[in-house]
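Read-outs throughout are calculated quantities, based only on the coordinates presented, and are distinct from any laboratory measurement. Predicted model only: the values in this text are computed from it and were never measured. Neighbour counts run over all protein chains shown; Cβ positions are idealised from the backbone, glycine included.
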Amino acid sequence: MTHRYEMWTLRCAIAAAVCLCACATPRRPAPAWVAEFGSKTFSKDGIEGIGFAAFDPRDKSSLKAARDSAYSDAMKQLTMKLKTTVRGSIERQMRDELTVVNKKHREQSQEVLDSVTQVLFDSVLGRKQFEEYADHAQKRWWVFCWMTAEEVERTIAEQLRKQQEKNNAVMKSCLEFAKSAEGYLTPGSEKVLSAVALYEEILGQLADVSGVATYGG
């Protein structure tokens, strides 16, 4: 009886172990960007960043800290590579406008390029993609951030179009204010202060113009 009970217990234990193994979620293998880290680039155009940080599996707070650190490191690397790509794309897409400025003020054309790059960079960076991987064997959290050159070009074209639409609206409003101000400056007019106020309004609106404003009326 004792022998049968022991055999039955052993079978139950084996069955339970098999069941647990079958139900456990298998950990996915390390992606290539982890397994081959440092050997090559892994995104289509090499506009990427990879970061990692150690964590203690017994401490849940360390998981978040490791994730944040890995993400921050990956983003720093992506940002460095992306700035050159964004600047080059803007320079190509604004070639005609920058040529006009460059003929008169070469240094100013570079300032315009720098300004537009700074304004549009965050919009481009917001289109990034990222992937994460928890390496429990090595106790490391990995983050991979990347973008494609095609997405950069498309985002910049979209943002430049929106910027031009905004500039057009500002320029149209400024011209209307200027016409009104001219009416106050006729000989014998007592509304000079009103004209001054309108010109101040024009200057305030022009401060919102980004890049090179071209307005056809």
In sequence order, calculated HN-Hα J values of region 54-62 (Karplus, 6.51, -1.76, 1.60; Hz; x Gly/Pro): 7, 9, 9, x, 7, 10, 4, 5, 6
Whole-Hz ³J(HN,Hα) from phi, Karplus 6.51 cos²θ - 1.76 cosθ + 1.60, for region 30-41, glycine and proline x: 5, x, 4, 5, 9, 4, 10, 3, x, 8, 5, 8
Length released on extending from Q118 to N168, taking residue separation times 0.36 nm less the Cα-Cα span: 15.9 nm
Amide hydrogen neighbours beyond the local backbone of D45, cut-off 5 Å, H modeled: A149
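Output the pairs from K128/K166; K44/K76; K81/K172; K81/K162; K44/K83 with a Cα-Cα distance over 27 Å in this structure; if there are none, say none.
K81/K172
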Modelled FRET efficiency - R0 35 Å, E176 with K76, Cβ distances, 0.05 increments: 0.15
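Can you tell me how much longer the chain between R127 and R154 gets when fully stretched, taken as 0.36 nm per residue apart minus their C-alpha distance, in nm with one decimal?
Working: separation 27, 0.36 × 27 = 9.72 nm, distance 1.04 nm.
That pair, R127 and R154, stretches by 8.7 nm at full extension.
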Karplus 3J(HN,Hα) series, Hz, for region 130-140 with 6.51 cos²θ - 1.76 cosθ + 1.60 (x for Gly, Pro): 8, 9, 10, 8, 9, 8, 6, 5, 8, 6, 10
Stretch gain in nm, segment T84-K44, where the contour uses 0.36 nm per residue and the Cα spacing is subtracted: 12.7 nm
